[in-house]
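One structure is given below, encoded as structure tokens.
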Amino acid sequence: MRILSGIQPSGKLHIGNYFGMMKPAIELQRQGEAYLFIANYHAMTTVQDAAALRTMTLDVALDFLACGIDPAKTAFYRQSDVPEVHELAWILSSITPMGLLERCHSYKDKTARGIAATHGLFAYPVLMAADILAVNANVVPVGRDQKQHVEVTRDVALRFNNLFGEVFTIPEPSILETVAVVPGIDGQKMSKSYDNTLEIFGEPGPLKKRVMKIVTDSKELEDPKDPETCNVFALYKLFATEDERADLAQRYRAGGLGYGTAKKELLAKINDHFGPMREKRAELAGDMDYVEDVLRQGAAKASVLARETLQKARRAVGLE
Ligand code: ADP
Ligand code: TRP
């Protein structure tokens, strides 16, 4: 089984990214041949500052390595170090119906939020299809919001195979339903675009402040509370064992537990979980040559597959 996923280096990683994408990707690296890349071409649709793009790309590389990407098992690379995906993207573009892209929620959501309606933003799913199909991935672990893009990839790959013969593997999205949407501190989906995130590698002071700001209802200390509708509990659940979850739920329902206490327990969980990763990240940041080496080797491995696929596609369509 070949697994591939990508993440945009367009901001500081948050708990939503971690549970929606990083953790499943890291777990899947034990089950197959894994490819993971930093989608810096995709990030250009929103980041138009060269220094920022460079810095954020390396930040994400450090984040992923600190969180458990093992370069011995996973080819970890920068998207732009495998330029073959671009040639493939054009080939795919030529057979991608406009209607398929017009239906994509992500484009509509992003333009509604004020992101410039560029051709790149519109064609984004085609480049994503090229990322996936270039290595013939079987499984693509992503959060629920990216599922539609994997479906576009499937449609385009099927269409290509029907028109030109079997070249591409049809990929499946893999979504962890239990944690499919991690709420932010305001209760909406946690997203760097909504300024409602809890950063994994943020400074302890600001992290604590943000945890304390998580929106709750206005029940008094002694009131019984409903864990199922509480943002603090929804986040706590991600870190807790079955027993810990049941225990906190019971204390919510019994009354006498303040939201401040629940928030402190959540903060302790976050710090316990990410503490060792923060140490590892600091260590890696002192050895950027190693990080560059990992990315170069990852790109070399992905390029072997991408070149092979591209050649098949070029032959199939009549470019060769
Ligand atoms: P953001 O919404 O912060 O801009 P991205 O769109 O870059 O995040 O998402 C990167 C990856 O993390 C994707 O696979 C996405 O589905 C996942 N992800 C992002 N936010 C969440 C969330 N709140 N819950 C679950 N998964 C998420
Ligand atoms: N669009 C994805 C996101 O914003 C990142 C991405 C680019 C990706 N290419 C991909 C994810 C291919 C999975 C497979 O999160």
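The values are calculated or read from the model by the stated rules, or taken from the named source; none is laboratory data. Every value quoted in this text rests on a predicted model; they were computed, and no experiment measured them. All Cβ positions, glycine included, derive from the backbone under ideal geometry; neighbour counts span all protein chains shown. Surface accessibility is based on the protein's heavy atoms, side chains included, excluding ligands, DNA and RNA. Shrake-Rupley method; radii C 1.70, N 1.55, O 1.52, S 1.80 Å.
When you scan the range 33-45, how many residues do you find that are open to solvent by 20 Å² or more (accessible area, probe 1.4 Å) and either assigned to a helix (DSSP H, G or I) or at pLDDT below 90 (or both)?
Total satisfying the criteria: 1.
If you check G11 against the conditions, is it buried (at least 22 other Cβ atoms within 10 Å of the Cβ) and either out of contact with any Asp or Glu (no Cβ under 6 Å at 6 or more places or on another chain) or assigned to a strand (DSSP E or B) (or both)?
no
Within the range 256-271, which residues are free of Cβ contacts under 8 Å to residues at least 60 places away in the same chain and under 23 Å from D186 (Cα atoms)?
Of everything in the range 256-271, those that are free of Cβ contacts under 8 Å to residues at least 60 places away in the same chain and under 23 Å from D186 (Cα atoms) turn out to be L257, G258, Y259, G260, T261, A262, K263, K264, E265, L266, A268, K269.
Out of curiosity, is E308 at pLDDT 95 or above, within 24 Å of G202 (Cα to Cα) and not in a loop (DSSP other than H, G, I, E, B)?
The answer is no for E308.
The rows are residues; the columns are (1) within 11 Å of ligand 2 (Cβ to nearest atom); (2) more than 17 Å from the chain's Cα centre (by Cα); (3) modelled with pLDDT under 95.
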site	(1), (2), (3)
R78	no, no, no
V85	yes, yes, no
W90	no, yes, no
T96	no, yes, no
G114	no, yes, yes
T118	no, yes, no
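Going by what's in this entry, would K23 be described as in a loop (DSSP other than H, G, I, E, B) and either out of contact with any Cys (no Cβ under 6 Å at 6 or more places or on another chain) or open to solvent by 10 Å² or more (accessible area, probe 1.4 Å) (or both)?
When the stated conditions are applied, K23 does not pass them.
Residue-wise test of (1) surrounded by 13 or more Cβ atoms within 10 Å (Cβ to Cβ); (2) closer than 21 Å to S10 by Cβ.
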{"site": "M212", "(1), (2)": "yes, no"}
{"site": "E220", "(1), (2)": "no, no"}
{"site": "A246", "(1), (2)": "no, no"}
{"site": "G258", "(1), (2)": "yes, no"}
{"site": "A285", "(1), (2)": "yes, yes"}
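Which ones in the range 82-94 are open to solvent by 20 Å² or more (accessible area, probe 1.4 Å) and not small (G, A, S)?
P83, E84, H86, E87, W90 - these are the residues of the range 82-94 that are open to solvent by 20 Å² or more (accessible area, probe 1.4 Å) and not small (G, A, S).
Tally time: how many residues in the range 149-172 are within 16 Å of ligand 1 (Cβ to nearest atom) and either at pLDDT 95 or above or buried (at least 19 other Cβ atoms within 10 Å of the Cβ) (or both)?
The number of residues fulfilling the criteria is 6.
Return the pairs, sorted by first residue and then second, in which the second residue is outside any helix (DSSP H, G or I) and basic (K, R), the first residue lies in the range 298-312 and is in contact (Cβ under 8 Å) with a residue 12 or more places away in the chain, the beta carbons are less than 7 Å apart, and the residues are 6+ apart or on different chains.
Partner pairs satisfying both residue conditions: A299/R78.
Residue by residue through the range 128-152, note down the ones that are within 8 Å of ligand 2 (Cβ to nearest atom) and among the β-branched types (V, I, T).
Hits for the range 128-152 are I132, V140, V142, V150.
Looking only at residues in the range 178-205 that are in a loop (DSSP other than H, G, I, E, B) and within 8 Å of ligand 1 (Cβ to nearest atom), which one is surrounded by the fewest Cβ atoms within 10 Å (Cβ to Cβ)?
So, considering only residues that are in a loop (DSSP other than H, G, I, E, B) and within 8 Å of ligand 1 (Cβ to nearest atom), the one surrounded by the fewest Cβ atoms within 10 Å (Cβ to Cβ) is A180.
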